[in-house]
Amino acid sequence: MKPLSEKLKNNILFLHSSGISQREISRRFRVSRRCVANVIRDKLPKRRPAEPPEAVYARCPECGHKVVMPCLACFLGTGKIKKLVEVTQNFPELKLELRKREYLRYLEVKKNA
């Protein structure tokens with residue numbers, strides 16, 4: 001199968017931009033619909049794969065380290081975590097049935113807290 005000429009490709013693109021369907025274009029030029037689709041697709045801008053956002057590092061005003069904000073080290077060091085634990089201890093007790101092993105672990109954690 002020989003490649004399409006540039007003139008034919010330009011005619012296909014012109015008719016496509018004029019609103020003619022790909023099927024009708026393939027009939028007029030006696031080429032396959034796949035060929036017409038490939039010509040149109042090759043002239044469209046290529047899509048770039050989505051890139052994950054990069055982490056933005058900033059200087060922490062409290063500790064001076066270069067970190068992703070908010071600074072977790074400062075969060076843990078300022079006692080905010082203690083306040084968080086106090087708030088969660090005031091929640092009503094859940095009525096759960098635990099297996100023996102999980103229940104013993106629960107009691108151990110509760111005793112150490």
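Since every read-out is calculated from the coordinates, none of them should be taken as a lab result. Since the structure is predicted, the reported quantities are computational estimates derived from the model, not experimental observations. Reconstructed Cβ throughout: ideal geometry from the backbone, glycine too, with neighbour counts over all protein chains shown.
Within the shell defined by Cβ-Cβ distances under 13 Å, the residues around VAL68 carry a net charge of +1, with Lys and Arg each +1 and Asp and Glu each -1.
Between CYS74 and ARG99, the modelled labels are 4.4 nm apart [label points 7 Å from Cα along Cα→Cβ]. For the range 29-36, 3J(HN,Hα) computed residue by residue from phi via the Karplus equation (6.51, -1.76, 1.60; θ = phi - 60°) reads 9, 6, 10, 6, 5, 4, 4, 5 Hz, glycine and proline entered as x. Our estimate of slack between ARG23 and GLU6, defined as 0.36 nm per intervening residue step minus the Cα-Cα distance, is 4.1 nm. Going from the fewest other Cβ atoms within 10 Å to the most, the residues GLU108, GLU24 appear in the order GLU108, GLU24. One chain, two ends: LEU107 and ALA37. Fully extended at 0.36 nm per residue, the span grows by 18.5 nm beyond their Cα-Cα distance. Applied to the range 7-17, the Karplus parametrisation 6.51 cos²θ - 1.76 cosθ + 1.60 on θ = phi - 60° returns per-residue 3J(HN,Hα) values of 5, 5, 4, 5, 5, 4, 5, 5, 5, 5, 5 Hz, with x for Gly and Pro.
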